[in-house]
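J.: Mind having a look at this structure? Questions to follow.
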Protein chains: 2
Amino acid sequence: MSDCVFCSIVAAELPADIVAEDEEFLAFRDVQPRAQTHVLIVPKVHVDDLDAWLASGGSSDRMLAFVTSVAAGEQVAGRYRLITNVGEDAGQTVAHLHWHVLAGPRLPGF
Amino acid sequence: MSDCVFCSIVAAELPADIVAEDEEFLAFRDVQPRAQTHVLIVPKVHVDDLDAWLASGGSSDRMLAFVTSVAAGEQVAGRYRLITNVGEDAGQTVAHLHWHVLAGPRLPGF
């Protein structure tokens, strides 16, 4: 099993509540949701963070199109917060690029 | 002057502490910073939010490349939080697509 928990989810070695996927990306529910809707979106290939994604030549067009399609599928189009943390100092707890899609009543300030 | 405060900044009709710009994007400091580093990045054309940006065919590759270049220029590469709010319900207060780049000690949870 991979040392990376998100790689393990991508490989179906760990369970997850999967919301959507395509060839490149996977979306699944955060196990500790901080809002009514809290979905994580990851590239299936391992890259540490957004900076590494861009350095690797990954397509942000396809990635953000997938993100917005997930938001639409969750019925939160037009009312969601999108966050990615780059590095531990910013609060990144898993060193595999992931976007948080958060939505629901009373989203806190940030 | 435009009804949109960010369009007015792009048009130099309102002052802003500009950090970086290219043909398509502008980065400037938030007037009410919520972290040691708090920069806003906007497309120069008016689009309401990320969903509208994608619908308009805007390049997310170029947009996120600009975002990360701004983070690097601010000396926060590898330690920043990137947020965009889509819609008022998610906390979007200006209806012109903008990314928050936040960095510094003791970034709060979100």
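Only the coordinates and a few stated rules stand behind these numbers; no lab work does. Remember, it's a predicted structure, so these values are computed and weren't measured experimentally. Please note: Cβ atoms are built from the backbone with ideal geometry, for glycine as well, and neighbour counts cover all protein chains shown.
J.: Could you give, in nm with one decimal, how far B:Ala11 is from each other copy of that position, shortest first, with labels 7 Å out from Cα toward Cβ?
T.: 5.6
J.: Ok, one more. Do any GluC sites (Glu not before Pro) in region A:1-93 lie in a DSSP loop with no more than 16 other beta carbon atoms within 10 Å, and if so, which?
T.: On the way: sites: A:Glu13, A:Glu21, A:Glu23, A:Glu24, A:Glu74, A:Glu88; in loops: A:Glu13, A:Glu23, A:Glu24, A:Glu74.
Those satisfying the criteria are A:Glu13, A:Glu23, A:Glu24.
J.: Per residue of region B:6-16, in order, report the coupling 6.51 cos²θ - 1.76 cosθ + 1.60 (Karplus, θ = phi - 60°) as ³J(HN,Hα) in whole Hz, putting x for Gly and Pro.
T.: After applying 6.51 cos²θ - 1.76 cosθ + 1.60, I find 6, 4, 5, 5, 4, 7, 6, 8, 10, x, 7 Hz.
J.: Over chain A, what is the relative contact order in whole percent, taking alpha-carbon pairs under 8 Å and six or more residues apart?
T.: Averaging sequence separation for qualifying contacts and normalising by length gives 30 percent for chain A.
J.: A further question follows. Counting only other chains, and only Cβ atoms inside 10 Å, what mean value do you get across the residues of A:49-58?
T.: Per-residue shielding by partner chains comes out at 3.
J.: Same structure, new question: For A:63-69, what's the mean count of beta carbons from other chains sitting within 10 Å of each residue's beta carbon?
T.: Average per residue, whole number: 4.
J.: Let me ask another. Given a cut-off of 17 Å, what percent of all Cα-Cα pairs of chain A lie beyond it?
T.: 52 percent
J.: Could you run the Debye sum over the Cα atoms of the protein assembly as shown, one equal point scatterer each and no solvent, and tell me log10 of I(q)/I(0) at q = 0.12, 0.18 Å⁻¹, two decimals?
T.: Here the Debye-derived log intensity ratios amount to -0.60, -1.44.
J.: Continuing with the same structure: Under 5 Å between amide hydrogens, which residues at least 5 positions from A:Asp48 or on another chain qualify, with H placed 1.01 Å from N in the peptide plane?
T.: Correct list: A:Leu97.
J.: Sequence-distant or interchain residues sharing an amide H contact under 5 Å with B:Val19, placed H: which?
T.: Here the answer is B:Ala27, B:Phe28, B:Arg29, since their amide H atoms fall under 5 Å of that of B:Val19.
J.: Return the sequence-ordered ³J(HN,Hα) values of region A:51-67 in whole Hz as given by the Karplus equation 6.51 cos²θ - 1.76 cosθ + 1.60 applied to θ = phi - 60°, using x for Gly and Pro.
T.: 4, 5, 4, 5, 5, 7, x, x, 7, 6, 4, 5, 5, 6, 5, 5, 4
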